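Undergrad: After the structure tokens below, expect a handful of questions from me.
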Amino acid sequence: MTRSVALITCLLAAALGAAPAFADLTVGVADDGGKLGEDGGAWFVGQMREVGLQENRITLHWDSERPTTIPEKEQLDRYLATATANGIRVMFLISPTRARALGTSPSARADFVRFVVQVARTYPQVKEIGVGNEPNQPRFWQPQ
């Protein structure tokens with residue numbers, strides 16, 4: 001009996017000790033649906049909130065032929081306003097449109113970095129930016 005009480009006490013202590021760690025946990029999706037929605041993402045954000053999702057990772061593509069153009073900017077502006085107003089944190093994943101775009105020249109790499117900086121300055125409310133979709137896969141990024 002004493003062993004059972006000790007085991008239960010240890011399990012409860014472990015569970016209570018873990019509770020603060022879960023307080024910092026955010027759960028979200030990787031989906032461009034909100035950005036692409038004609039309603040500025042209102043329906044999408046409503047669905048996220050309904051199930052308790054708090055973060056959305058969306059993709060931005062960099063085109064080396066138009067290195068300073070933020071694609072779908074108007075849609076992105078509307079979605080970010082909707083997401084922010086509803087407490088959804090947005091993360092960007094920025095990657096080149098073509099796998100070999102960064103391997104063509106040092107200037108292409110510099111243009112890509114300038115684009116990432118441009119996006120960060122354009123959307124200061126976005127605090128997390130990832131670079132590259134599966135850079136270990138030749139389908140997305142060459143050379144590795």
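Undergrad: Summing Lys, Arg as +1 and Asp, Glu as -1, what charge do residues with Cβ under 14 Å from the Cβ of Thr104 carry, Thr104 excluded?
TA: Values: positive: Arg98, Arg100, Arg109; negative: Asp63, Glu65, Asp111.
Surrounding charge for Thr104 is 0.
Undergrad: Can you tell me the length gained on complete extension of the stretch Arg109 to Glu74, counting 0.36 nm per residue apart and subtracting the Cα distance? Write out the running numbers ahead of the final one.
TA: Numbers: separation 35, 0.36 × 35 = 12.60 nm, distance 2.57 nm.
Residue separation times 0.36 nm, minus the Cα-Cα distance, leaves 10.0 nm.
Undergrad: On to the next question. With a cap of 14 neighbouring Cβ atoms within 10 Å, and only residues DSSP puts in a loop, list the GluC sites (Glu not before Pro) found in the range 40-144. Working shown, then result.
TA: Details: sites: Glu50, Glu55, Glu65, Glu72, Glu74, Glu128; in loops: Glu65, Glu72.
Sites meeting the loop and neighbour criteria: Glu65.
Undergrad: Sticking with this one: Report the trypsin sites (Lys or Arg not before Pro) located in the range 49-144 that are in a DSSP loop and have at most 14 other Cβ atoms inside 10 Å of their Cβ, or state none.
TA: Working: sites: Arg49, Arg57, Lys73, Arg78, Arg89, Arg98, Arg100, Arg109, Arg114, Arg121, Lys127, Arg139; in loops: Arg98, Arg100, Lys127, Arg139.
Of the trypsin sites (Lys or Arg not before Pro), the ones in loops of the range 49-144 whose Cβ has at most 14 other Cβ atoms within 10 Å are Arg100, Lys127, Arg139.
Undergrad: Follow-up question, since we're still on this one. Along each of its three principal axes, how wide is the spread of alpha-carbon positions in the range 66-121, in whole angstrom units, largest first?
TA: So the three principal-axis extents are 42, 20, 18 Å.
Undergrad: Hey, if you drop one equal point scatterer on each alpha-carbon of the range 21-100 and run the Debye formula without solvent, what base-10 log of I(q)/I(0) do you get at q = 0.11, 0.27 Å⁻¹?
TA: Cα-only, vacuum Debye calculation for the range 21-100: -0.32, -1.27.
Undergrad: Calculate log10 I(q)/I(0) of the range 47-144 for q = 0.12, 0.17, 0.19, 0.21 Å⁻¹, where I(q) comes from the Debye formula with a single equal point scatterer on each Cα and nothing for solvent.
TA: Log10 of I(q)/I(0), two decimals: -0.42, -0.77, -0.91, -1.05.
Undergrad: Please go through the range 41-108 and write out the chymotrypsin sites (Phe, Trp or Tyr not before Pro) that DSSP classes as loop and that have at most 14 other C-beta atoms within 10 Å.
TA: Values: sites: Trp43, Phe44, Trp62, Tyr79, Phe92; in loops: none.
Those that pass, being in a loop and sparsely packed, number zero.
Every number here is computed from the coordinates shown, using simple stated rules; none is lab data. Here the structure is a predicted model, which is why all the values come from computation and not from measurement. Every residue, glycine as well, gets a Cβ built from its backbone with ideal geometry; the counts of neighbours run over all protein chains shown.
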